[in-house]
Amino acid sequence: MSLEKHDLVHDLPEYRERIHQLKLEDHHFARLFKEYHNLNHEVRRIEQGVENTSDVYLEDRKKVRLKLKDELYNIIRG
C-alpha cells in the first residue's frame, strides 16, 4: 500500500506562495483546501492502519481526493 504524501504543497512546491495567497483571499479555495486536507488525512490514516475500512470505501475516498485536487489545481493555475 502506498504511503506517499499527497498534500498540495508537497505535490506542487512551485505554487507554495500561490496556495497560501488563495487560502487567505479566496473563500471557495480555502473551503476546498480544508476539505481536501481532511480527506487526505483520513486516507493516510486508513493506509497506515490507524483506521479500518473496506477497500471499496478507501478507493472511493481516493477518487474524491483526486477530484478535489484537480479542482484545486485548476484554481491555482487560474
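The values are calculated or read from the model by the stated rules, or taken from the named source; none is laboratory data. Since the structure is predicted, the reported quantities are computational estimates derived from the model, not experimental observations. Cβ placement follows ideal geometry from the backbone for every residue including glycine, while neighbour counts extend to all protein chains displayed.
Just wondering, is there one or more residues in segment 10-26 that are out of contact with any Cys (no Cβ under 8 Å at 6 or more places or on another chain) and in contact (Cβ under 8 Å) with a residue 60 or more places away in the chain? Yes, some residue in segment 10-26 is out of contact with any Cys (no Cβ under 8 Å at 6 or more places or on another chain) and in contact (Cβ under 8 Å) with a residue 60 or more places away in the chain.
When the residues of segment 21-41 are filtered to those that are under 13 Å from Ile76 (Cβ atoms) and under 10 Å from the mean Cα position of the chain (by Cα), which remaining residue is surrounded by the fewest Cβ atoms within 10 Å (Cβ to Cβ)? It would help to see each step written out before you state the result.
Here is the first cut: in segment 21-41, the residues under 13 Å from Ile76 (Cβ atoms) are 21-23, 25-26, 28-30, 32-33, 36.
Narrowing further to those that are under 10 Å from the mean Cα position of the chain (by Cα): 32-33, 36.
Details: Leu32: 18, Phe33: 20, Tyr36: 21.
In this case the residue turns out to be Leu32.
Answer with yes or no whether Arg61 is of a type in the set (Lys, Arg) and out of contact with any Ser or Thr (no Cβ under 9 Å at 6 or more places or on another chain). So Arg61 does not fit the description; no. Looking across segment 1-15, just one residue is modelled with pLDDT of 95 or more and surrounded by 15 or more Cβ atoms within 10 Å (Cβ to Cβ), and that is Tyr15.
Screening the candidates Arg44, Arg18 for the property of being surrounded by 10 or more Cβ atoms within 10 Å (Cβ to Cβ), of a type outside the set (Val, Ile, Thr), more than 17 Å from Ile75 (Cβ to Cβ) and out of contact with any Phe, Trp or Tyr (no Cβ under 8 Å at 6 or more places or on another chain) yields one hit, Arg44. Using the structure shown, decide if Arg61 is surrounded by 11 or more Cβ atoms within 10 Å (Cβ to Cβ), more than 12 Å from the chain's Cα centre (by Cα) and not small (Gly, Ala, Ser). When the stated conditions are applied, Arg61 does not pass them.
Could you pull out the residue among Leu66, Leu39 that is touching a residue at least 24 places away in the same chain (Cβ under 8 Å) and closer than 19 Å to His10 by Cβ? On inspection, the qualifying residue turns out to be Leu39. Val56 falls short on exactly one of the conditions (1) within 17 Å of Asp7 (Cα to Cα); (2) without any contact (Cβ under 8 Å) to a residue 24 or more places away in the chain; (3) not acidic (Asp, Glu), and that condition is (1).
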